[in-house]
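Some notes on the structure that comes next.
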Amino acid sequence: MGAAIINTYLLLLFLLVHFKIVRFNLFWKLSPFIVMVLVLFGLLIPMNWGAPQGSAIVVRNAVSIVPSVAGEVTDVPVIANAPLKAGDVLFKIDPAPVFEFDADNMYSESDIDDVRHQLSSPGWNALAQIRQRRSGKEDVDVFVSMDRDKVNGVAIIASGPRRFTIVNIVGSIDPAKLAKLEDRFGLPSLAM
């Protein structure tokens, strides 16, 4: 930048002398050195004092997303540092873990009652309870956590003679999209 300023000044001085606007005396012969000293001490050195030095860090907002799931994460279909849209799949997990037993009723009903009791805390409401164990099928309990009119959690307990499954979904949930999961997890129709 300093060289550009000095060269511009020399070009201007040459044109002024060439067209005889300025007489080429001792002052004008020394003026490029005077301008160079003024530019150096008046512009370039003060600019270096205030300029940042050292390694530069580029900062951008990033949100760390860590799945809090009991299942194993099988796929992360997003590209690092790529912008995302609402509804993009961030990670995929194994289907809900199902505890299968070798014989009927190898777990106690009190184990399931403990989970139901946890889900009877404030903020959670029982949405559906289906009892079919006597006919050899599964009992299903569906609990919903709501904040005003927004669903922010769903828990499903399915227990049969040889199977025990708990699904807990935490976060903002669209009931229309949740209804699409009925077939995938073998849930009864929630009629939402």
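Might you check whether a residue that is under 30 Å from Val170 (Cα atoms) and either modelled with pLDDT of 80 or more or not acidic (Asp, Glu) (or both) occurs anywhere in segment 34-50? Please lay out each step first, then the result.
Taking segment 34-50 and keeping what is under 30 Å from Val170 (Cα atoms), we get none.
The answer is no; no qualifying residue exists.
Scanning segment 1-36 for residues that are surrounded by fewer than 10 Cβ atoms within 10 Å (Cβ to Cβ) and among the hydrophobic types (A, V, I, L, M, F, W, C) turns up Met1, Ala3, Ala4, Phe19, Ile21, Leu26.
On the given criteria, is Ser145 within 17 Å of Ile169 (Cα to Cα) and either assigned to a loop (DSSP other than H, G, I, E, B) or in contact with a His (Cβ under 9 Å, 6 or more places away or on another chain) (or both)? Before the answer, list the steps.
Details: within 17 Å of Ile169 (Cα to Cα): yes; either assigned to a loop (DSSP other than H, G, I, E, B) or in contact with a His (Cβ under 9 Å, 6 or more places away or on another chain) (or both): no.
Against the criterion (within 17 Å of Ile169 (Cα to Cα) and either assigned to a loop (DSSP other than H, G, I, E, B) or in contact with a His (Cβ under 9 Å, 6 or more places away or on another chain) (or both)), Ser145 does not qualify.
Of all the numbered requirements in (1) on the phi < 0 side of the Ramachandran plot; (2) of a type outside the set (Phe, Trp, Tyr); (3) in contact (Cβ under 8 Å) with a residue 12 or more places away in the chain, Gly123 misses one, and that requirement is (1).
Go through segment 51-67 and report how many residues are within 14 Å of the chain's Cα centre (by Cα) and either exposed (fewer than 10 other Cβ atoms within 10 Å of the Cβ) or modelled with pLDDT of 75 or more (or both). Steps first, answer last, please.
If we filter segment 51-67 for residues that are within 14 Å of the chain's Cα centre (by Cα), which is where we start, we get 60-67.
Now restrict to residues that are either exposed (fewer than 10 other Cβ atoms within 10 Å of the Cβ) or modelled with pLDDT of 75 or more (or both): 60-64, 66.
The total comes to 6.
Pick from segment 1-27 the residues that are over 17 Å from Val39 (Cβ atoms) and assigned to a helix (DSSP H, G or I): which of them is farthest from the chain's Cα centre (by Cα)?
Here is the first cut: in segment 1-27, the ones over 17 Å from Val39 (Cβ atoms) are 14-27.
From what is left, the residues that are assigned to a helix (DSSP H, G or I) are 14-18, 26-27.
Values: Phe14: 61, Leu15: 61, Leu16: 63, Val17: 65, His18: 66, Leu26: 69, Phe27: 66 Å.
Once the filter is applied, the top-ranked residue is Leu26.
Here Leu187, Leu127 are screened, and the one residue that is at pLDDT 80 or above and surrounded by 12 or more Cβ atoms within 10 Å (Cβ to Cβ) is Leu127. Within segment 43-56, residues that are without any contact (Cβ under 8 Å) to a residue 40 or more places away in the chain and in a helix (DSSP H, G or I) have Cβ atoms under 8 Å from residues that are surrounded by fewer than 10 Cβ atoms within 10 Å (Cβ to Cβ) and among the hydrophobic types (A, V, I, L, M, F, W, C) in no pair, counting only partners at least 6 apart in sequence or on another chain.
The values are calculated or read from the model by the stated rules, or taken from the named source; none is laboratory data. Since we're looking at a predicted model, the values are computed, not measured. When we count neighbours, we look across all protein chains shown, and the Cβ atoms used for this are built from the backbone with ideal geometry, even at glycine.
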